[in-house]
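Heads up, the thing below is written out as structure tokens.
Here, each number is a calculation from the coordinates, and none is a lab measurement. All values derive from a computational prediction rather than experimental measurement. With ideal geometry, Cβ positions are generated from the backbone for all residues, glycine too; neighbour counts draw on all protein chains shown.
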Amino acid sequence: MKGFLGSGSASGGKSGSSVDTLIGRQTEILGDVRFSGGLHLDGRIKGTVSMAGGQAASATLSISETGTVEGDIRVPNVILNGTVIGDVHATEKLVLNAKARVNGNVHYAVLQMEPGATINGQLVHDSGESAVATRSESAVLAIQDARRSKQG
């Protein structure tokens, strides 16, 4: 299904995008969904949507006009033209097309938003530097805890 989404604004201007998994209009999933590659949603997911593993920076979730997610999304690339009731965490790029509806906070690195898209929540810019700083601070704290446990 290479190039299933086509090119232009509907796919965020990303030519050659691929869809590995398609969730149809008549499908409702109750529970968390983890995927790699491309996931296109025409149906409904009630649960968290996230990428499988920690290395899949190219993972892309696209949600059509008929698609709905009731839960948080944690995916590097999100192309939204449907509805999300929950927080969206897009670590690479978030594209909100004209019919996109988000009821929750939006965490993004790069945001592209068309007229007509709505967000009922906060916009939070994540530059990536804070994540690196947080990991470094966590590593330092772990080392300090290990030293304390050896001393005591």
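I need the calculated FRET efficiency for the pair Ile143 and Ala98, taking r as the beta carbon distance and R₀ as 35 Å, to the nearest 0.05.
Between Ile143 and Ala98 the formula returns 0.10.
Quick one: Leu30, Leu80, Leu111, Leu39, fewest Cβ neighbours within 10 Å first, how do they rank?
Leu30, Leu111, Leu39, Leu80
Classify segment 9-126 from the C-alpha gyration tensor, please: rounded if a/c falls under 1.5, else prolate or oblate depending on whether a/b exceeds b/c.
rounded
Fewest Cβ neighbours within 10 Å first, please rank Ile79, Ile119, Ile73 accordingly.
Going from least to most buried by this count: Ile119, Ile73, Ile79.
Listing Asp72, Asp126 from the residue with the fewest other Cβ atoms within 10 Å to the one with the most, what is the order?
Asp126, Asp72
Have a look at Val19, Asn105, Ile85 and report the one farthest towards the positive end of the charge dipole of segment 9-126, computed about the Cα centre with Cβ charges (Lys/Arg +1, Asp/Glu -1).
Val19
How high is the relative contact order of segment 36-101, given as a whole-number percent (alpha carbon pairs under 8 Å, six or more residues apart)?
Reported relative contact order: 29 percent.
Work out the FRET efficiency for His125 and Ser58 from their Cβ-Cβ distance, taking R0 = 22 Å, and round it to the nearest 0.05.
Calculated transfer efficiency: 0.55.
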